[in-house]
Amino acid sequence: MAKDISGPSLRAADRERFAQEGFLQVPGVLTREQCAGVIEVARSHLPPAFRSPDPRDWRGRIQDCCNNLPLYQRKGLVRFKASDGFASHPEVEAAVYANPRVRGLFEAFIGEELEKLRVRGLNPNFPLPRRVSLNELFGTRLDPDLRGGIADRIQAPAPPQFPIVGHLETHAVELGALVYLSDVGPDAGGLGVWPGSHRLFGWAFSSSIDFLPNRLYKRIFRLLQGRRPRVLEGRAGDLILFHNRLLHTNTLNRSEAVRHALVIDALGKGWRARAAEPRMREDELKALGRARDLAKRPEVRLVLDALPRDRLGAFTARRPKLAGWIQSLSKDPAGAGRNHLSAKIRTRRDGDLWIVVSQTDEHRKSYKLDAYGLDRHGKYRARLNGQALASSRCGILVEQVDAAAGPRSLELEGRFVRDHYVRVIRTRQPFTRSELLHTGVVAAGQSRYRAEFEVG
């Protein structure tokens with residue numbers, strides 16, 4: 001049961017709304033002065049060209065935690081992670097970690113003291129550019145380094161973007177929150193949510209916390225993709241608390257101002273025990289799986305009928321390969337490669353075996369499957385026990401392999417212009433029990449890497 005807290009008052013109606021809809025928007029959790037201070041921290045991570053007051057002057061790439069891309073290629077979204085150096089900044093410390101109202105809200109809904117409370121990222125959402133270069137229209141393939149050639153000088157009206165697809169968090173988290181640092185009006189890049197979707201996705205996972213989807217996950221996701229989310233407007237300082245199984249998304253910012261926000265994660269002290277609890281009995285899962293039409297179930301209709309239809313979303317849900325191909329025509333290869341690997345990671349199961357190669361050492365000794373690339377360099381091929389396995393995408397590789405017991409031989413061969421970090425991971429549920437079977441480094445300048453490891 002939720003505990004009493006100081007700070008923002010919580011009524012029984014608030015808890016009931018959260019249980020039904022999967023989110024709760026609490027106004028004024030941060031002061032405007034605190035918001036302004038954190039915005040300045042976010043701005044300090046931007047290139048000089050993106051600090052001017054006029055959005056029409058914003059050109060070029062932004063390097064964030066995932067990609068180094070222009071605004072059109074990233075749909076205006078920029079993500080700076082805590083590892084970028086802002087987690088201990090005094091403005092962030094005062095606004096979040098030293099703010100009893102933030103901790104109190106999380107503890108109230110989890111029902112116990114927290115083991116972890118962290119600012120996961122600063123997420124500016126920039127206005128979509130009205131005009132883009134010929135180079136950007138073709139995924140920055142004509143001039144990958146943006147050297148200012150004719151392909152970058154020729155401008156054209158920016159074509160419409162596909163809506164940003166909803167997602168769930170793949171890392172271990174019980175509750176998340178997005179805090180608006182600036183006022184968010186209509187069509188200004190607010191958070192989009194599918195109210196009640198957390199109740200449907202409760203059927204689709206083998207754990208209440210770890211991301212272990214079962215066979216219902218894709219079916220439920222496609223049903224929800226055919227509906228438009230509710231986009232939340234708000235004021236600077238509003239905190240939107242959301243369930244870890246709530247489908248949510250950033251939305252396209254068509255305003256004249258940057259939508260600044262920060263993302264927070266929390267885990268209660270007893271989260272490991274809750275993560276290990278089975279979500280559904282096998283007979284219950286089979287009964288749902290036998291249903292001729294999942295969308296006809298009353299609890300599903302209750303969620304779907306509350307949201308307007310999205311014909312484009314329904315079309316792409318039925319034809320994901322076609323939609324992916326259309327978007328790839330104008331998508332930067334680095335961004336496309338990152339999305340491809342993220343889709344792979346979302347298929348993980350208990351007992352899987354993965355080969356992961358990254359260009360950053362952030363997860364060098366971690367069981368997490370995340371892999372990050374800094375540029376397009378690092379083209380190589382992987383072989384396992386002498387058989388071709390996969391080729392890198394923009395310098396990174398995430399590949400699931402046969403998990404049978406026995407000795408393995410891994411070989412990487414190609415072009416390594418920077419250090420690459422190799423891991424062999426066997427995922428376990430809960431994920432904190434996952435095993436690192438091998439770690440290694442391919443030093444810059446090498447052309448081959450070999451390693452032996454044993455699968456027990």
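Only the coordinates and a few stated rules stand behind these numbers; no lab work does. None of these values were measured; they are calculated from a predicted model. A quick note on method: Cβ atoms are made from the backbone with ideal geometry, for glycine too, and the neighbour counts reach across all protein chains shown.
Neighbours of Gly176, meaning other residues whose beta-carbon lies under 11 angstrom from its beta-carbon, give a summed charge of 0 when Lys and Arg score +1 and Asp and Glu score -1.
By its C-alpha gyration tensor, with a ≥ b ≥ c as the square roots of the eigenvalues, how is segment 241-355 shaped: rounded for a/c under 1.5, else prolate for a/b larger than b/c, else oblate? Rounded.
Charge dipole of segment 276-374 (Cα centre as origin; +1 on each Lys and Arg Cβ, -1 on each Asp and Glu Cβ, all else neutral): 440 debye, rounded to the nearest 20.
Label zone (Arg215, point 7 Å along Cα-to-C-beta; backbone nitrogen cut-off 13 Å) within segment 276-294: 282-292. Cross-link partners for Lys286 among the aspartates and glutamates, with Cα-Cα distance under 20 Å and sequence neighbours closer than 8 places in the same chain left out: Glu277, Glu299, Asp350.
Going from the fewest other Cβ atoms within 10 Å to the most, the residues Ser358, Ser83 appear in the order Ser83, Ser358. Its residue count N sets the reference 2.2 N^0.38 Å, and the alpha-carbon radius of gyration of the chain equals 0.99 times that reference. Amide hydrogen proximity for Glu115: with H placed 1.01 Å from N in the peptide plane, the residues at 5 or more positions away or on another chain lying under 5 Å are Leu267, Gly268, Lys269. 3J(HN,Hα) couplings calculated from phi for segment 350-367 with the Karplus curve 6.51 cos²θ - 1.76 cosθ + 1.60 (θ = phi - 60°) are, in sequence order, 4, x, 5, 10, 10, 9, 10, 10, 10, 9, 10, 9, 4, 10, 4, 10, 10, 7 Hz; Gly and Pro show x.
Once you have a ≥ b ≥ c as the square roots of the Cα gyration tensor eigenvalues for segment 24-153, tell me rounded if a/c is under 1.5, and otherwise prolate or oblate according to whether a/b is larger than b/c.
Since a/c reaches 1.5 and a/b is larger than b/c, the shape of segment 24-153 is classed as prolate.
Couplings 3J(HN,Hα) of segment 429-444, computed from phi: 10, x, 5, 5, 8, 4, 10, 9, 8, 6, 9, x, 10, 9, 6, 4 Hz, in residue order, whole Hz [Karplus 6.51 cos²θ - 1.76 cosθ + 1.60, θ = phi - 60°; x for Gly and Pro]. A helix-only calculation puts the chain at -6500 deg cm²/dmol for mean residue ellipticity at 222 nm, using -39500 (n - 2.57) for each DSSP H run of at least four residues, averaged over all residues.
Once C-alpha pairs closer than 8 Å and six or more residues apart are averaged by separation and normalised to the residue number of the chain, the relative contact order reads 16 percent.
Taking other C-beta atoms within 10 Å as the exposure proxy, Tyr217, Tyr380 rank Tyr217, Tyr380 from fewest upward.
Placing unit charges on each Cβ (+1 for Lys and Arg, -1 for Asp and Glu) gives the chain a dipole about its Cα centre, and among Leu322, Ala261, Pro163 the Cα reaching farthest toward its positive end belongs to Leu322.
Under 5 Å between amide hydrogens, built in the peptide plane, is the criterion, and for Ala188 it picks out Arg254 among residues at least 5 positions away or on other chains. Over 19 Å apart at the Cα level, from the set Lys218/Lys344; Lys296/Lys344; Lys116/Lys344, are Lys296/Lys344; Lys116/Lys344. Each residue of segment 296-306 is assigned a 3J(HN,Hα), and the resulting list reads 8, 5, x, 5, 6, 4, 4, 6, 5, 5, 7 Hz, derived from the Karplus form 6.51 cos²θ - 1.76 cosθ + 1.60 (θ = phi - 60°), x at Gly and Pro. In terms of its C-alpha gyration tensor, segment 333-455 has an oblate overall shape, because the principal axis ratio a/c (a ≥ b ≥ c, square roots of the eigenvalues) is not below 1.5 and a/b does not outweigh b/c.
Backbone amide hydrogens, once placed in the peptide plane, bring His438 within less than 5 Å of Val424, excluding anything fewer than 5 places away on its chain. Put in order of Cβ neighbour count within 10 Å, fewest first, the listed residues Leu312, Leu304 become Leu312, Leu304.
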